[in-house]
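The structure appears below as structure tokens.
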Amino acid sequence: ATYRGRGAAMVEAMMWTRNISNEPANYVYPQVFAERTRTAFQGIPGVTVQVLDVAEMERLGMGAILGVGRGSARPPAMVAVHYQGAGATNEAPIALVGKGITFDSGGISIKPSTNMGNMKMDMSGAAGVVGTVLALAKAGAPVNVVAVAAVAENMPDGNATRPGDVLTAMTGKTIEIGSTDAEGRLVLADAIAWADLTFNPAAIIDVATLTGAVGGALGPD
């Protein structure tokens, strides 16, 4: 692709990523994220989009992401975008795995109400990895890359996961829930395991809005 072509592809992908991250959670929830992803990649060569619904995730034993999404009326989804560009020399893809919490109330371990509206952007990791592949695919880059978006809404209803509950992840490992507001690592656990098993990648890079963790590591700024 020309330099100008690469630039336009990057700008368009950045706009897609920014817009879907900023939209309210009553407009963008897991099913909508999956539909918007399919639409964004329509007609681009070398791209395969795959969406796992609840039944498929249950069959695969993805108890971690299913546990996070259990309290929401909007079911979770696992969205994968595989782009293999013409001339790609890497046989195994690079996997980019993104946290896609379309709204994070904290679940039963509910967050304070102040600034909770910003939690519509807790799916920025998922938006970022899909946007990255969108930029590469639109530019016709000679790379082999897959984006996996673990998309769920973390809400507190009568069916929600409770602190003290034990979930079984896709790997077979059990996870005792200390706080239902530690949901990002849960959706990523199943997404990373599935990406590893399905695509046998050369490397996995995960992207997430894990605010408390980064604040502890780097400070409030």
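Please state the shape class of segment 146-193: rounded when a/c is under 1.5, otherwise prolate if a/b exceeds b/c and oblate if not, all from the C-alpha gyration tensor. Judged from the Cα gyration tensor, segment 146-193 comes out oblate (a/c at least 1.5, b/c at or above a/b). The lysine pair count for the chain, using Cα distances under 22 Å and pairs eight or more places apart or on different chains, is 4.
Peptides 26-34, 59-67, 146-154, 159-167 ranked from most to least packed, by the mean per-residue count of other Cβ atoms within 10 Å: 146-154, 59-67, 26-34, 159-167.
Would you list the membrane-span-like helices of the chain, meaning whole DSSP H runs whose alpha-carbon atoms span at least 18 Å along their axis and whose mean Kyte-Doolittle value is at least 1.0? Qualifying helices: 124-139, 184-199.
Using a cut-off of under 18 Å, list every residue of segment 185-221 whose amide N is near the label point 7 Å from the Cα of residue 116 along the Cα-to-beta-carbon line. Under cut-off, by backbone N: 211-212. Mind running the shape call on segment 87-211? Use the C-alpha gyration tensor, a ≥ b ≥ c as the square roots of the eigenvalues: rounded below 1.5 for a/c, prolate if a/b tops b/c, oblate otherwise. Taking the square roots of the gyration eigenvalues as a ≥ b ≥ c, segment 87-211 is oblate. For residue 22 and residue 42, the difference between the fully extended length at 0.36 nm per residue and the C-alpha to C-alpha distance is 5.0 nm. Using Cβ point charges alone (K and R +1, D and E -1), the dipole size of the chain about the Cα centre works out to roughly 500 debye. Of 141, 203, 95, the residue with the greatest mean-square motion in the GNM of the chain, using alpha carbon springs below 10 Å, is 203.
Note on the chain: antiparallel DSSP beta bridges, both residues inside, total approximately 55 percent of the bridges counted. Let me know the whole percent of all Cα-Cα pairs from segment 38-86 that are separated by more than 17 Å. Beyond 17 Å sits 45 percent of the P(r) for segment 38-86. Split the accessible area of the chain by element, probe 1.4 Å, and carbon with sulfur accounts for 55%.
Can you tell me, using C-alpha contacts under 8 Å and at least 6 residues apart, the relative contact order of segment 29-83 as a whole percent? Relative contact order for segment 29-83 comes out at 52 percent. Note on segment 42-191: dipole from Cβ charges, positive end direction compared against 178, 155, 141; the farthest Cα belongs to 141.
Shape class for segment 1-103: oblate, because the ratio a/c of the largest to smallest gyration tensor axis (alpha-carbon atoms, square roots of eigenvalues) is 1.5 or more and b/c is at least a/b.
Secondary-structure-derived ellipticity at 222 nm for the chain, considering helices only, amounts to -12000 deg cm²/dmol, per-run term -39500 (n - 2.57) for DSSP H runs with n ≥ 4.
The values are calculated or read from the model by the stated rules, or taken from the named source; none is laboratory data. Worth saying up front: this structure is predicted, and the values here are computed from it rather than measured. Glycine also receives a Cβ, built like all others from the backbone with ideal geometry; neighbour counts cover every protein chain displayed. Just the protein is used for accessible areas: all its heavy atoms, side chains included, with ligands, DNA and RNA removed. Shrake-Rupley method; radii C 1.70, N 1.55, O 1.52, S 1.80 Å.
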